[in-house]
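Heads up, the thing below is written out as structure tokens.
The values are calculated or read from the model by the stated rules, or taken from the named source; none is laboratory data. All values reported here derive from a predicted model rather than from experimental measurement. Cβ placement follows ideal geometry from the backbone for every residue including glycine, while neighbour counts extend to all protein chains displayed. The protein model used for the area step is the full one, side chains on, heavy atoms only, and it has no ligands, DNA or RNA in it. Shrake-Rupley method; radii C 1.70, N 1.55, O 1.52, S 1.80 Å.
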Amino acid sequence: MTMTEVGRARERFCVLKRAFTVAGLVVAAAVTPLVTAAPASASIAQCTDILNNYGYRVGAKVTNACSWPAVTLYGQRQPNPNCITPLVGLGVKYSHAKTACEWA
């Protein structure tokens, strides 16, 4: 191998090394939220079960509204307005929506 060929091989190696590093970082960034996320499906199920127990029909719109998790303000769990508002718009009584969304 001549010095020029060695230089080109070294450049290719550096490019591949960078590409694999970037790919690794992309994979790590994509996987981290999945590993650290709270199990949302149980909370959605609790929210929809509460509404079902109140006698409301639970469909895709109710499930979508229940997908907004409750928020913690000043150390207290509060229902998310993005959960309550669509439920009330669907005809759910405010107090029922508030109770269900507290569990979301």
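Tell me, which residue of segment 54-90 that is among the small types (G, A, S) and within 18 Å of the chain's Cα centre (by Cα) is least open to solvent (accessible area, probe 1.4 Å)? Residue satisfying both the conditions and the ranking: A65.
Look at segment 68-91: where a residue is closer than 15 Å to T48 by Cα and among the polar types (S, T, N, Q), no partner that is modelled with pLDDT under 95 and assigned to a helix (DSSP H, G or I) sits 6+ places away or on another chain with Cβ atoms under 6 Å.
Applying the set (1) at pLDDT below 90; (2) hydrophobic (A, V, I, L, M, F, W, C); (3) surrounded by 12 or more Cβ atoms within 10 Å (Cβ to Cβ) to A45 leaves exactly one unmet item: (1).
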